[in-house]
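Trainee: Quick one: structure below, then a few questions.
Read-outs throughout are calculated quantities, based only on the coordinates presented, and are distinct from any laboratory measurement. Everything numeric here is computed off the predicted structure, so don't read it as measured data. A quick note on method: Cβ atoms are made from the backbone with ideal geometry, for glycine too, and the neighbour counts reach across all protein chains shown.
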Amino acid sequence: MKYTYYTAEDFILDESFQRWVKHPTPEASLFWENWLTANPHKRDTIEEARQALLELHFTEHTPTEEVYDEVWERINQANTLYDQQQKSKIILYYSLNNWYKVAAVFAGMLLTALVLYYIFNLQKHIEYTTKYGETQNITLPDGSTIILNANSKVSYAPNWTNTSIREVWVEGEAFFSVIHTKTHQKFVVHTTDNFQVEVLGTQFNVYQRKNNTRVVLKEGQVKLNIQQENLEEQVVMKPGELVEVREQIKGYTKKVVNPELFSAWTKNEFIFSETPVSEIITLLEENYGLSVVLKDRSVLKRTITGSVPSENLESLLFALSEALNYRIVQENNQIIFRNKSIK
């Protein structure tokens with residue numbers, strides 16, 4: 001089961017996977033082929049990790065006596081430090097005639113260092129973040145674009161190729177316009193460890209906040225990979241559909257919506273269509289970094305219909321005040337709902 005959640009980096013560091021790639025046996029090949037048959041969505045990840053390992057070439061060097069003495073001195077120093085910290089004694093048996101063992105260790109250390117270097121370079125993602133009340137336009141290496149909503153973050157590896165999977169990680173909310181490449185490369189958006197959006201070319205909105213993930217498809221087709229406990233589901237979406245997954249609720253909900261309502265923020269506008277006040281309060285908290293003080297909880301179930309510019313917080317508060325017949329004031333980072341009858 002552990003391989004189900006493995007990334008390419010995890011496979012590269014897995015000893016069993018390394019042995020299969022470098023020194024395949026019939027038993028190992030049978031295991032991995034059976035596993036890929038049961039997990040076809042991991043085939044691209046497996047191939048990426050396999051190619052990375054195959055591209056690493058190493059030359060084993062025989063150390064000189066001086067190098068041997070230096071390495072041995074470092075080993076002794078490390079053992080001494082370990083003895084002091086752990087208060088335990090390590091007894092090493094060795095022979096100068098077996099200096100080739102040190103060479104093997106040295107080569108192994110080189111292999112580990114190069115693999116780690118490769119992993120660390122993979123993890124040096126390009127990252128964009130937005131502040132409260134701010135949006136940002138981003139162009140990806142393949143020409144696809146992202147509009148990043150307020151209080152959000154997006155990251156991706158810089159080393160995209162014409163054959164690798166295009167992967168992006170999102171926290172918060174973002175609108176994607178993904179181009180379709182000639183080589184039919186997959187484009188995968190990661191929101192959490194158990195939720196992925198997989199596309200070839202399309203437009204869609206991704207929202208992931210407070211253990212709630214939502215995807216609204218505007219154009220094209222996407223496939224969602226949803227993992228919950230031991231259950232894994234794949235959901236294919238059509239234009240105009242919304243799929244929502246909540247961390248504390250098993251399964252997902254799918255419904256038909258107007259995609260323009262969920263992407264209006266990309267045009268600096270909020271459009272509400274019988275939207276519960278509770279959702280608008282969440283918007284105030286997440287997009288503007290404000291806390292809301294509301295004593296009458298029954299207001300949360302009331303709905304609002306209309307549109308306001310997203311760049312003008314005062315307009316939004318005024319519209320809420322008029323629609324709800326409440327006096328709404330801002331004090332520092334607090335939004336306070338007060339009944340108009342109370343002075």
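Trainee: If you stretched the chain out fully between Glu331 and Val236, how much longer would it get, using 0.36 nm times the residue separation minus the C-alpha to C-alpha distance?
Mentor: Full-extension gain reported as 29.7 nm.
Trainee: Now for a different question. Which shape class, rounded, prolate or oblate, goes with segment 2-54 when its Cα gyration tensor gives a ≥ b ≥ c as root eigenvalues, a/c under 1.5 marks rounded, and past that a/b bigger than b/c marks prolate?
Mentor: Here segment 2-54 falls in the oblate category.
Trainee: Between Leu13 and Glu171, what is the FRET efficiency for a Förster distance of 30 Å, r being their Cβ-Cβ separation, to the nearest 0.05?
Mentor: So the FRET efficiency works out to roughly 0.75.
Trainee: Thr192 to Phe318: FRET efficiency via 1/(1 + (r/R0)^6), r the Cβ-Cβ distance, R0 41 Å, to the nearest 0.05? Display every interim value, and only then the final one.
Mentor: Working: r = 36 Å, r/R0 = 0.88.
For R0 = 41 Å, the calculated efficiency reads 0.70.
Trainee: How high is the FRET efficiency between His23 and Ile126 when r is their beta carbon distance and R₀ equals 45 Å, given to the nearest 0.05? Please list the in-between numbers first.
Mentor: On the way: r = 36 Å, r/R0 = 0.80.
So the FRET efficiency works out to roughly 0.80.
Trainee: Now for a separate question. Please list, short to long, the whole-number percent of alpha-carbon pairs of segment 268-339 in consecutive 10 angstrom bins beginning at zero.
Mentor: 20, 62, 18, 0
Trainee: Report the far tail of the P(r) of segment 142-297, meaning the percent of Cα-Cα pairs longer than 24 Å. If you can, show how the numbers build up before the last one.
Mentor: On the way: 4150 of 12090 pairs.
Of all Cα-Cα distances in segment 142-297, 34 percent exceed 24 Å.
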